[in-house]
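Single-structure report; data block below.
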Amino acid sequence: MQATIRASTDLFAREVRRPARNTQTPPMTGGPAAPAFPIEHYSFEGLELDLHNMPEAAELLLLEGGSEERLGVTNKKESQRIALFDAFREKTANGQDMVVVCSGMGSNQRWDVFLRSEQGYSRSIDLSLRIQHAPNRDDARQGLQQP
């Protein structure tokens, strides 16, 4: 049986917007600056994601075309470390871009769906709840296709 995350159902749901950052442009001063907290890079069949585990929050970033775009931010305890386990990109029935991510802590994992709009990506609560307990990518895809 698949365990689920024990965090609240708004994992990566907090709306915090910032401009996309160009990841190919070096910092203005001196050499490359190391981030205050490490950023973990993940690649799932060409889908490039960064996860920034800070003491009290985790930030999920999508890397595309030399820039990064925030998918979401979630609060967490300093002792917790969120990891990514799988991710894929799909289109909705109406052609909207969708990034689907399985994340969590240890065996407590769940799926979240991020939809692209003119304002950027935001977590779809309805779609995320529909597939949050899917045991794998295929089941998550199947759950997204059901009405």
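For the stretch 95-130, give me each residue that is open to solvent by less than 40 Å² (accessible area, probe 1.4 Å) and in a helix (DSSP H, G or I).
Listed by number, the residues that qualify are L127, S128.
What is the residue count in the stretch 71-88 for residues that are surrounded by fewer than 20 Cβ atoms within 10 Å (Cβ to Cβ) and under 19 Å from D126 (Cβ atoms)?
Residues that pass the stated criteria total 1.
Starting from residues that are modelled with pLDDT of 90 or more and among the hydroxyl-bearing types (S, T, Y), keep the ones in the stretch 93-120 and report whichever is nearest to F44 (Cα to Cα).
Step by step, filter the stretch 93-120, then rank; the result is S103.
Suppose the filter is closer than 19 Å to E45 by Cβ, open to solvent by 10 Å² or more (accessible area, probe 1.4 Å) and of a type outside the set (S, T, Y); does E56 pass it?
Taking the combined requirement at face value, the residue does not satisfy it.
Please tell me if N22 is modelled with pLDDT under 90 and open to solvent by 60 Å² or more (accessible area, probe 1.4 Å).
In short, yes.
Does E90 satisfy the condition of being modelled with pLDDT under 95, among the acidic types (D, E) and within 28 Å of D138 (Cβ to Cβ)?
Answer is yes for this residue.
Tell me which residues, restricted to the stretch 131-147, are assigned to a helix (DSSP H, G or I), open to solvent by less than 80 Å² (accessible area, probe 1.4 Å) and within 13 Å of D86 (Cα to Cα).
Answer for the stretch 131-147, where residues must be assigned to a helix (DSSP H, G or I), open to solvent by less than 80 Å² (accessible area, probe 1.4 Å) and within 13 Å of D86 (Cα to Cα): R137, D139, A140, R141.
The values are calculated or read from the model by the stated rules, or taken from the named source; none is laboratory data. Values in this document were obtained by computation on a predicted structure and should not be read as measured data. Counting neighbours? That spans all protein chains shown, and the Cβs are built from the backbone with ideal geometry, glycine included. In case anyone asks, the SASA skips ligands and DNA or RNA and just uses the protein heavy atoms, side chains included. Shrake-Rupley method; radii C 1.70, N 1.55, O 1.52, S 1.80 Å.
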